[in-house]
Structure formats: structure tokens, C-alpha cells
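Reviewing the structure listed below.
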Amino acid sequence: MTIVNLWSDLSHRYVTARPTYPRELFVYLASVAPGTERVLDCATGNGQAAVGLADFFQSVCAVDASSSQIEHAIAKPNISYSVRPAEQTGFPPGSFDMVCVAQALHWLDHEPFFNEVKRVLKPNGIFAAWSYNWFQISEEIDALVKDLLLDVVAPYWAPQNKLSWDGYRDVLFPFGELSPPALILAPNWTALEMMAYASTWSATKKCFDAQGSDFFEAAIPIIQSAWGGPEVRRPVVHQLALRVGRNS
């Protein structure tokens, strides 16, 4: 299965199951960009980053290689979605104050992608990439998630995921790097909402295809009991890894 097909198959679940990004992230990005006229969101998926950017930039161009993801994208008047590869967007040179990629840099071909970013950025424009991975809920629930979910799907992660888990620190970054603030995502989820999120992991999808979903269904009542019941909401805390740089 190709990367495009994998995310196309998951696109309908992404709209509701993935956590949203904190407003503080977009406040910071707008503050360091040379202007707020135009921003490009690469590998936008269903537009979760694009929606946040739209509150701070006049125009958001959001692209993804998956037509299914674009079909399910969240609409906003100043967001323009199109099906384009991040490595070859076709936009004119110097078009954007900022280019970003949220939770997807590890899936891209870095050399041609960064060449494209440099081409479409304005002088002194900003590039930003961010990711999140494992979360913390409580010691008991975290241990159950590891035993019942993470350990089962572990063989199905693609090698690229390690770049995301490590906060992209090993990605060669051809920009003048800035020092962004520390940020978190902390959605208040029920146990079922957390499990819906876990079902969108690429490794979970591959595991379902290989061995079925019985392990996942069996985990739900166990985790829900430890959670405190089906109606209980708990903060699900993800650390946000953010790398930001300025184009020369």
C-alpha cells in the first residue's frame, strides 16, 4: 500500500478523531513570519493545521497528495485546498510568508521538499514543522495502552515514524533555526475518543489489515473501565515538537 492510499483510506476518520492544535502555536508562528498575507500548508490532510492558520493569515493554500483527504477537508472562506505533492506544488516563486507541514514531514522526500519550500518562500520567510506522538493520561492507563495497543501494533510502524517520535531532530534543517516555545496538546477525551484516535495510527490500520481488529475491540472495555466509565473525560497530554527556521 502506498502512503497516498494509506491516508486516503483513513481520511474520513481524521476529521473527527485527531486532536486539534493549540491556538498558541499559530499566535507564535504569525508573530515570527515576515507578513501574514499568505501561508502554504503542505500535506494538509483534512486541514487541521490550515484551519488554525486561517485565523492569523489572510489566505491559506493547503495541499495534499491524497484527493480523499482534500475531499474531507474542513472548509473555511480563506482556505484554498488543492491536490498537489508537497515536493512539487507548482506555485510561483516567492509566493508565501510561511510554509508549514504538520505531523507529516516524516512522510515527505526531504531534499526535493526543502528545495520547493525555499523556492516558494519569500525572502526571510518562515518554515515550520511540528509533530506529536505518545501521550500521557495516567500511570495505569498509559500501561494498558502500551500492553494492549502499542505493543501489538509495534511491528507495523513504518521506519519514517521514528523521525516524528524524535521530534524531527535528526532531519537536516536548511534554514536559520529559531527557538520556539514549548507547547502541548491536551484534548479532554473519553476513552472511546482516545481509541478512535488510536485507530487512525498508520500502524493500527496495517495491523487491522494483517490480523484483524479483535485485539482493538477487546481493549476498549478494559481501558474504559480504568478510565472511570464511558462518560468520563480526561486530559490526553501530547508534547508538541516544533522546529522553525527562517529562509535566507
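The values are calculated or read from the model by the stated rules, or taken from the named source; none is laboratory data. This is a predicted model, so every value here is computed, not measured. Virtual Cβ from ideal backbone geometry, glycine too; neighbours counted across all protein chains shown.
Considering only residues in segment 130-172 that are among the small types (Gly, Ala, Ser) and closer than 20 Å to residue 194 by Cα, the one that is surrounded by the most Cβ atoms within 10 Å (Cβ to Cβ) turns out to be 131. For first residues located in segment 221-234 and closer than 10 Å to residue 189 by Cα and at pLDDT 95 or above, partners that are loosely packed, with under 14 Cβ neighbours inside 10 Å and not aromatic (Phe, Trp, Tyr) and lie 6+ apart or on another chain with Cβ distances below 6 Å form the pairs 233/188.
Considering every residue within segment 24-39, establish whether at least one is assigned to a strand (DSSP E or B) and modelled with pLDDT of 95 or more. So that I can check it myself, show each step before the final result.
Within segment 24-39, the first condition is being assigned to a strand (DSSP E or B), and the residues that meet it are 38-39.
This time we only want the ones that are modelled with pLDDT of 95 or more, so: 38-39.
The answer is yes, given that some residue of segment 24-39 is assigned to a strand (DSSP E or B) and modelled with pLDDT of 95 or more.
Applying the set (1) in contact (Cβ under 8 Å) with a residue 40 or more places away in the chain; (2) aliphatic (A, V, I, L, M); (3) within 17 Å of residue 135 (Cα to Cα) to residue 192 leaves exactly one unmet item: (1). Candidates 24, 37: the one that is in contact (Cβ under 8 Å) with a residue 60 or more places away in the chain, farther than 26 Å from residue 112 by Cα and out of contact with any His (no Cβ under 8 Å at 6 or more places or on another chain) is 24. For the condition hydrophobic (A, V, I, L, M, F, W, C) and either within 16 Å of residue 43 (Cβ to Cβ) or touching a strand residue (DSSP E or B) at 6+ places or on another chain (Cβ under 6 Å) (or both), residue 104 qualifies.
Got at least one residue in segment 41-58 being more than 17 Å from the chain's Cα centre (by Cα), of a type outside the set (S, T, N, Q) and outside any loop (DSSP other than H, G, I, E, B)?
Going through segment 41-58, the residues more than 17 Å from the chain's Cα centre (by Cα) turn out to be 55-58.
Adding the requirement that they be of a type outside the set (S, T, N, Q) leaves 55-57.
Now narrow it down to the ones that are outside any loop (DSSP other than H, G, I, E, B): none.
The answer is no; no qualifying residue exists.
Where residues in segment 83-129 are polar (S, T, N, Q), outside any strand (DSSP E or B) and at pLDDT 95 or above, which of them is surrounded by the most Cβ atoms within 10 Å (Cβ to Cβ)?
We begin by selecting, within segment 83-129, every residue polar (S, T, N, Q); these are 88-89, 95, 103, 115, 124.
Subset that is outside any strand (DSSP E or B): 88-89, 95, 103, 115.
Filter once more, keeping what is at pLDDT 95 or above: 88-89, 95, 115.
Details: 88: 14, 89: 21, 95: 18, 115: 13.
Within segment 83-129, the match that is surrounded by the most Cβ atoms within 10 Å (Cβ to Cβ) is 89.
Is it the case that segment 200-209 has a residue that's under 28 Å from residue 104 (Cα atoms), in contact with an Asp or Glu (Cβ under 9 Å, 6 or more places away or on another chain) and either surrounded by 17 or more Cβ atoms within 10 Å (Cβ to Cβ) or at pLDDT 95 or above (or both)? Working first, answer last.
Initially, segment 200-209 is screened for residues under 28 Å from residue 104 (Cα atoms), giving 200-209.
Subsequent filtering for residues that are in contact with an Asp or Glu (Cβ under 9 Å, 6 or more places away or on another chain) retains 205.
Within this subset, residues satisfying the condition of being either surrounded by 17 or more Cβ atoms within 10 Å (Cβ to Cβ) or at pLDDT 95 or above (or both) are 205.
Yes, there is a match, as at least one residue in segment 200-209 is under 28 Å from residue 104 (Cα atoms), in contact with an Asp or Glu (Cβ under 9 Å, 6 or more places away or on another chain) and either surrounded by 17 or more Cβ atoms within 10 Å (Cβ to Cβ) or at pLDDT 95 or above (or both).
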